[in-house]
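Notes to accompany the following structure.
The values are calculated or read from the model by the stated rules, or taken from the named source; none is laboratory data. What you are looking at is a predicted structure, and each value in this text was computed from that prediction instead of being measured. In this analysis, Cβ positions are derived from the backbone assuming ideal geometry, glycine residues included, and neighbour counts consider all displayed protein chains.
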Amino acid sequence: MNALRLPAGGRIDRSTTYEFTFNGQRLTGHPGDTLASALLAHGIHRTGTSIKLGRPRGIAAAWAEDPNGLIQIEEPFPEPMLLATTVELTDGLTARGIPGQGRLADVPDSARYDARHSHADLLVIGAGPTGLCAALTAARAGARVVLVDEQSEAGGYLLGSTDRIDGGPALDWVAAATAELAGFADVLHLQRTTAFGHFDDGFVLALERRTDHLGTPTHVLGGETAPPHKSRQRVWRIRARHVLVAAGAHERPVVFSDNDRPGIMLAGGARTYLHRYGVLAGRDVVVFTTNDSAYAAAVDLADAGARVHAVVDARAATPAAWVQKCVRRGIPVRAGRLVTGTEGVERITAVAVAGERIPCDLLLVSGGWNPAVHLFSQAGGTLRYDGGLGAFVPGEERDGVSVAGGAAGVAELGGCLADGRRAAEGALGGLGFVPVDSPSPVAEAHVDGQPSLVLWRVADGDQRTQFVDLQRDATVADIACAIGAGMRTVEHVKRYTTIGTAHDQGKTSGVLASGIAAELLGRPVGELGTTTFRPPYTPVAFAALAGRDRGSLFDPERTTAVHAWHVARGAVWEDVGQWKRPRYYPLPGEDMEAAVLRECAAVRGGVGILDGSTLGKIDVQGPDAAEFLNRLYTNMIATLKVGSVRYGVMCGADGMVIDDGTVLRLAGDRFLVYTTTGGAAAVLEWMEEWLQTEWPDLRVYLTSVTEQWATFPVVGPRSRDVIGTVFPDVDVSNAAFPFMTWRDTVLGSNRSGHDASTPRSARGGRPAPDQDVPVRLARVSFSGELAYEVNVDSWYARAVWERLVAAGERHGITPYGTETMHVLRAEKAYPIVGQDTDGTVTPHDLGMSWAVSKKKPFFVGKRSFHRADNQRADRKQLVALLPVDRNLFLPEGSQVIEGPSVPEPPIPMLGHVTSSYRSAALERTFALALVKAGRTRIGETVHVPVAGALVPVEVAEPVVFDPEGARRDG
Amino acid sequence: MQLITCPYCGPREEAEFHYGGQAHVPHPADPGSLSDEEWAHHLFFRDNPRGPFAERWVHALGCRRWFNAVRDTVSYRFHHIYRLDQARPETP
């Protein structure tokens, strides 16, 4: 079945066979395979077709640098745009090749995604020889170490090689190293975990793939299965004092004509397929190289049974030791030659080398190695061009970040082992750890060779088939075109050609594009530089980034103490900031309009109850509390008597309204400030800002008590009866309890709420069940009706709410929501800050000059009222708009213009509608609007475009209901 | 995600902080004595340097305390963090 699978060797389990389907074909593979290695074992190179030109494309590498090989997984769960080279094979996997784009699942993903935080002294990225050496060095010194690696097992480059360490197979050393690391309590070693973003101050995001390789329960033949509760992917948020990038290097191809055919592969990739997966990527092989490293692929593949027809070395001076190895195996070496073209459609069939045609089914290419500097560069590390390597390497050192091994341009295994240790010791010194003495691993001496040749491309042939970015179908001709169009930097060339913008983010194409652009521009590549590396290093699913922060967990949901009652009553919700507030309570068959008209009529005709617990509440205490509030509110607070309430407006230094609410004076040195629901946090911060930065001499202390107090306005002409019934100790008459005063009382013992056995500590020091519950009543009104605001410790909120509802039953007490609240307040022209205001509106614009003290020498915003702009006669002012058609509803946000016809643009705008409702009391629609010189226009007709027509509306006094305020005292 | 060292709590993630604009711009003692132009300059005009900049920050989701910092507007590095009752450090 697996014709190109070797009988032995590699990291796969031949005793178990997986079945999978690719492009409709049923195939087999083994645990330890990637989808790519399993395909290659069947001789399948082609995975799909290129996105623009429709050219056949195949597997070109063995890991994430593959610019081809994009697939769509269909089973077990649809997922687009994965790489065949990085998908671990599981039983029952169904996939197909795709030209660039795939499809998302049309059913919800039921898998879990989560996130975890981790803190480390040293984060090592990459568990190859460099990273393992570094992690061991740090762990032995007692440092807290996190080691992450994107592959299924540690070893990195060693997994695809025949290197030896300490006289034995390198992977034995890897096994010993990982075993030793596992013995340290303070080492977190994560495989299948890709560090994809490196940010400020040692902050690294890594994606751990936790369950995909386990297969789905129905398909697993044995061994570990994924428990359903286990998250599929996890984002690790790692904060490390020092980050060591040991991410290795990516092999770089050379660009030549028709370099994109299936069967053309990076030389190191073929070696990995051979040694790690026991797969021969081809039987008839040609190797094209500019450096020594590809000779190992030629030799290893020949030893494994392939016919290697030539090593085409672009260099005139070839490495003698390697050439000797080739000669012993009968591999001809063509020195100083170039591949100038290829043949084949579905698969490469021949290579052209300086006029000679060499038949083959696999062409291995190596143009040198690019250090994987992505994670260094992402964190702001600068790069410099190393002419010897023909690659960009880390430039100047950066605090808390170092780079070692292949990622720093170190080429040989021995050098990597030493560099990992050196880098770790350097970091440990800065972190206050003392490295312990231990023997260094010794790599087999490497074969002396020849320096690499920097060769970006072979110029012969048609530039339009010389592919630089295979995924984007972008060629040398495209770079030439970009330069012809005037592009002079790689950033511009990248954007013009789209090179480096595909899933692989230019892992193979980026530096090539720089090199070729430099050649075409006749400038040194080091001067031209490379494009900026940005996160993510490899693609990350949005589901993983979202983690558990979705649905109801996307943002915290705040609910009041009476929430369950609202739910049971069938409330429809309005989100106000993070709060869930009942918007209205529909009866069967009612829509919002019907419910709100009913609720409005009930409040004005009888009594209603609102859950106003979400209002912001700030406890302001201290000897200077009165002075402090006096400076922040536009009106006089210092003269407020204990037992009284005042409505206050707060302005910014620019004189614009930022919040409003009521202030209760609880004692000479204590106030309770009510803010808007949405403004609570901002007002507290605003108060703290002034207190701390401008008036540190004031002895004032601010505490948010929003959630400690539940607040229930009981509103309407019958509210006095309800309050009098529930609180018989309170004289609710207007004379004894006048408007804008508050009274403390208690609610008698016979109440529900909690178990009598609850200890006092668990009650937060609250009264025991047989004691009285303190309640504060306030005569304030946001509707113009007689109203009592009932404030109680949230602990007892539900019980108190239910008592009020029960007592109101004989009056038909009606719970009402925010929509009705808005209609009632709009009928009285009480503004909603942030709806009727927008940061450009003064109290005077709102018709609230009465709330601005003329006596106080100073308050925040006062000076600005005298600015010329705030004196303009044509400032926008709050007025009511009454559509001439009493049933016509003006959408909020509608423009107000003069009319009666629409003039040529630009059309002078008079203002806009800020609030709009149907009034049950007026039996008509009405709106509030900010209109230029609105107060002088009262009685005039202006126009509002509604649904394509211009409708006439009358400008009216803002208070449209009970303008004389006759209802306030019942 | 930078770490910002709150002078009261120590290093915390930047998401816990709110920015408060240029530091050392005190509210005028007697705004009424200022001309419209002077008042407008106080309200609306702030420096916007390239390089070190003294700024106000508040540890909004922590201790709620305000403090000052000299931060480089190019590199984002915090050079100095100091309490409100401390003088602005000499900057390079």
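Things worth noting here:
- Qualifying residue in segment A:461-481 (condition: modelled with pLDDT of 95 or more, in a helix (DSSP H, G or I), touching a strand residue (DSSP E or B) at 6+ places or on another chain (Cβ under 8 Å) and among the basic types (Lys, Arg)): yes
- When A:860, A:913, A:959, A:902 are screened for being out of contact with any Pro (no Cβ under 6 Å at 6 or more places or on another chain), under 30 Å from residue A:646 (Cα atoms) and either surrounded by fewer than 19 Cβ atoms within 10 Å (Cβ to Cβ) or not aliphatic (A, V, I, L, M) (or both), only A:959 passes.
- The residues of segment B:80-92 that are of a type outside the set (A, V, I, L, M), in contact (Cβ under 8 Å) with a residue 24 or more places away in the chain and more than 13 Å from every other protein chain (Cβ to nearest Cβ), listed by number, are B:82, B:88, B:91, B:92.
- Among the residues making up segment A:549-580, those that are more than 27 Å from the chain's Cα centre (by Cα) and either buried (at least 17 other Cβ atoms within 10 Å of the Cβ) or in contact (Cβ under 8 Å) with a residue 24 or more places away in the chain (or both) are A:560, A:561, A:562, A:563, A:564, A:565, A:566, A:569, A:571, A:572.
- Output for segment A:65-89, where each listed residue is hydrophobic (A, V, I, L, M, F, W, C) and either farther than 20 Å from residue A:539 by Cβ or part of a loop (DSSP other than H, G, I, E, B) (or both): A:77, A:84, A:87, A:89
- Looking only at residues in segment B:56-77 that are free of Cβ contacts under 8 Å to residues at least 12 places away in the same chain and either basic (Lys, Arg) or over 19 Å from residue A:199 (Cβ atoms) (or both), the one that is nearest to the other protein chains (Cβ to nearest Cβ) is B:64.
- Residue in segment A:194-205 that is farthest from the other protein chains (Cβ to nearest Cβ), counting only those that are part of a strand (DSSP E or B) and in contact with a Leu (Cβ under 7 Å, 6 or more places away or on another chain): A:194
- Cβ-Cβ under 9 Å pairs, at least 6 apart or on other chains, segment A:770-783 side touching a residue at least 24 places away in the same chain (Cβ under 8 Å), far side among the small types (Gly, Ala, Ser) and part of a loop (DSSP other than H, G, I, E, B): A:772/A:748; A:772/A:749; A:773/A:748; A:773/A:749; A:773/A:753; A:782/A:612; A:783/A:716
- Pick from segment A:507-548, criterion of a type outside the set (A, V, I, L, M, F, W, C), surrounded by 17 or more Cβ atoms within 10 Å (Cβ to Cβ) and touching a helix residue (DSSP H, G or I) at 6+ places or on another chain (Cβ under 7 Å), ranking: nearest to residue A:193 (Cα to Cα): A:537
- Enumeration of residues in segment A:402-440 that are of a type in the set (A, V, I, L, M, F, W, C) and assigned to a helix (DSSP H, G or I): A:407, A:408, A:413, A:416, A:417, A:418, A:423, A:424, A:427, A:428, A:431
- Condition check for residue A:62: part of a loop (DSSP other than H, G, I, E, B), under 21 Å from residue A:266 (Cα atoms), out of contact with any strand residue (DSSP E or B) (no Cβ under 7 Å at 6 or more places or on another chain) and hydrophobic (A, V, I, L, M, F, W, C): yes
- Output for segment A:919-970, where each listed residue is within 30 Å of residue A:740 (Cβ to Cβ) and touching a strand residue (DSSP E or B) at 6+ places or on another chain (Cβ under 6 Å): A:919, A:926, A:927, A:928, A:929, A:930, A:934, A:935, A:938, A:956, A:958, A:960
- Residue within segment A:465-476 that is under 29 Å from residue A:164 (Cβ atoms), out of contact with any Pro (no Cβ under 8 Å at 6 or more places or on another chain) and not basic (Lys, Arg) present: no
- Identity of the residue in segment A:797-833, in a helix (DSSP H, G or I) and β-branched (Val, Ile, Thr), that ends up surrounded by the fewest Cβ atoms within 10 Å (Cβ to Cβ): A:805
- Unique match (being in a strand (DSSP E or B) and more than 21 Å from residue A:158 (Cα to Cα)) among A:357, A:337, A:315: A:357
- Of all the criteria given as (1) at pLDDT 95 or above; (2) surrounded by 20 or more Cβ atoms within 10 Å (Cβ to Cβ); (3) in contact with a Leu (Cβ under 8 Å, 6 or more places away or on another chain), the one not satisfied by residue A:56 is (3).
- Screening A:47, A:21 for residues that are part of a strand (DSSP E or B) and within 21 Å of residue A:280 (Cβ to Cβ) leaves exactly one candidate, A:47.
Quick grid of which residues meet (1) surrounded by 18 or more Cβ atoms within 10 Å (Cβ to Cβ); (2) out of contact with any Leu (no Cβ under 9 Å at 6 or more places or on another chain); (3) within 18 Å of residue A:155 (Cα to Cα):
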{"site": "A:374", "(1), (2), (3)": "yes, yes, no"}
{"site": "A:389", "(1), (2), (3)": "yes, yes, no"}
{"site": "A:395", "(1), (2), (3)": "no, no, no"}
{"site": "A:406", "(1), (2), (3)": "yes, yes, yes"}
{"site": "A:417", "(1), (2), (3)": "yes, no, yes"}
{"site": "A:427", "(1), (2), (3)": "yes, no, no"}
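- Consider segment A:735-749 and keep the residues that are modelled with pLDDT of 95 or more and in a loop (DSSP other than H, G, I, E, B). The one that is nearest to residue A:667 (Cα to Cα) is A:740.
- Here is the figure for segment A:233-249: residues that are farther than 27 Å from residue A:425 by Cβ and either free of Cβ contacts under 8 Å to residues at least 24 places away in the same chain or away from every other protein chain (no Cβ under 14 Å) (or both) total 2.
- All strands (runs of 3 or more DSSP E) inside segment B:1-41 with 1 or more residues being closer than 15 Å to residue B:82 by Cα and under 14 Å from the mean Cα position of the chain (by Cα): B:3-6, B:18-22
For (1) outside any strand (DSSP E or B); (2) within 14 Å of another protein chain (Cβ to nearest Cβ); (3) within 23 Å of residue B:84 (Cβ to Cβ), each residue gets a yes or a no:
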{"position": "A:631", "(1), (2), (3)": "yes, yes, yes"}
{"position": "A:635", "(1), (2), (3)": "yes, no, no"}
{"position": "A:645", "(1), (2), (3)": "no, no, no"}
{"position": "A:653", "(1), (2), (3)": "yes, yes, yes"}
{"position": "A:677", "(1), (2), (3)": "yes, no, no"}
{"position": "A:686", "(1), (2), (3)": "yes, yes, yes"}
{"position": "A:692", "(1), (2), (3)": "yes, yes, yes"}
{"position": "A:695", "(1), (2), (3)": "yes, yes, yes"}
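- Residue within segment A:834-847 that is touching a Leu at 6+ places or on another chain (Cβ under 7 Å), free of Cβ contacts under 8 Å to residues at least 40 places away in the same chain, surrounded by 14 or more Cβ atoms within 10 Å (Cβ to Cβ) and more than 30 Å from residue A:607 (Cα to Cα) present: no
- Checking the stated criteria, residue A:716 turns out not to satisfy the condition of being surrounded by 16 or more Cβ atoms within 10 Å (Cβ to Cβ), closer than 30 Å to residue A:860 by Cα and not β-branched (Val, Ile, Thr).
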